[in-house]
Amino acid sequence: MSIASLILGVVWIGGLGSLLAVIFGFIAKKRIKDSNGQQGGAGLAIAGIILGFLGLAATVLFWVLVLAVTHGVNQFANSYTDGRNYGVAHYSANGDVNAVCNSAPVPSGDDSTEFNLGCLAGWASSSTSSGNSGSSGNSGSSGNVTTTTSGNSGNVTTTTSGNSGGGSGNTGNSG
């Protein structure tokens with residue numbers, strides 16, 4: 001039991017080995033004491049107990065750090081997402097991204113740097129996803145009319161030449 005205690009004290013196994021090292025170490029010490037000197041290994045049992053307690057302390061520290069880091073990562077992720085949502089919601093084609101994102105009210109508990117990065121990303125995604133919709137047409141003309149469709153659906157460029165009558169000019173969206 002003394003040897004098992006020592007080995008388990010060295011082999012951490014996520015804290016399980018440490019717990020077993022302490023248990024086996026105390027069992028070994030009791031058996032050695034009860035044997036009236038016929039069994040040896042008290043030093044190994046004590047070493048296993050000490051290593052077991054050190055391993056248990058390391059286990060507690062490990063899990064505290066894991067939880068702290070996980071909380072920090074989630075906080076950054078939430079801050080970025082909150083900022084991105086804010087940037088998308090407050091996007092304006094004529095607006096100033098710096099004025100909106102830098103003066104945004106950062107929610108309590110959010111990291112301001114991550115929030116602003118998310119806001120800028122949300123603004124950028126909104127500015128690249130906008131497109132024209134609708135139709136383009138020519139009114140009041142006769143002659144040669146060529147209609148070319150390009151880009152997003154609904155974007156039509158109409159070119160008119162040889163107008164006779166009603167004037168020339170495009171109405172609607174083009175591009």
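The values are calculated or read from the model by the stated rules, or taken from the named source; none is laboratory data. This structure is a prediction, so every number in the text was calculated from the model and none was measured. We place every Cβ from the backbone using ideal geometry, glycine too, and count neighbours over all the protein chains shown.
Does the stretch 87-97 include one or more residues that are among the acidic types (Asp, Glu), crowded, with 18+ Cβ neighbours inside 10 Å and either farther than 30 Å from residue 122 by Cα or free of Cβ contacts under 8 Å to residues at least 40 places away in the same chain (or both)?
There is no residue in the stretch 87-97 that is among the acidic types (Asp, Glu), crowded, with 18+ Cβ neighbours inside 10 Å and either farther than 30 Å from residue 122 by Cα or free of Cβ contacts under 8 Å to residues at least 40 places away in the same chain (or both).
Can you tell me which residue is modelled with the lowest pLDDT among those in the stretch 21-76 that are outside any helix (DSSP H, G or I) and small (Gly, Ala, Ser)? Lay out the reasoning, then the answer.
Quick first cut of the stretch 21-76, residues outside any helix (DSSP H, G or I) only: 35-41.
Next cut, small (Gly, Ala, Ser) only: 35, 37, 40-41.
Values: 35: 91, 37: 82, 40: 91, 41: 93.
Restricting to residues being outside any helix (DSSP H, G or I) and small (Gly, Ala, Ser), the top hit is 37.
Considering 40, 15, 55, which residue is within 14 Å of residue 1 (Cα to Cα) and small (Gly, Ala, Ser)?
Testing whether each residue is within 14 Å of residue 1 (Cα to Cα) and small (Gly, Ala, Ser) leaves just 40.
Tell me, yes or no, whether the stretch 105-120 has at least one residue that is in a helix (DSSP H, G or I), of a type in the set (Ser, Thr, Tyr), at pLDDT 80 or above and closer than 30 Å to residue 11 by Cα. Spell out the reasoning first.
Of all residues in the stretch 105-120, those in a helix (DSSP H, G or I) come to 112-120.
Checking which are of a type in the set (Ser, Thr, Tyr) leaves us with 112-113.
Those left that are additionally at pLDDT 80 or above: 112-113.
In the following step, the residues that additionally are closer than 30 Å to residue 11 by Cα were identified as none.
No; the residues of the stretch 105-120 include none that is in a helix (DSSP H, G or I), of a type in the set (Ser, Thr, Tyr), at pLDDT 80 or above and closer than 30 Å to residue 11 by Cα.
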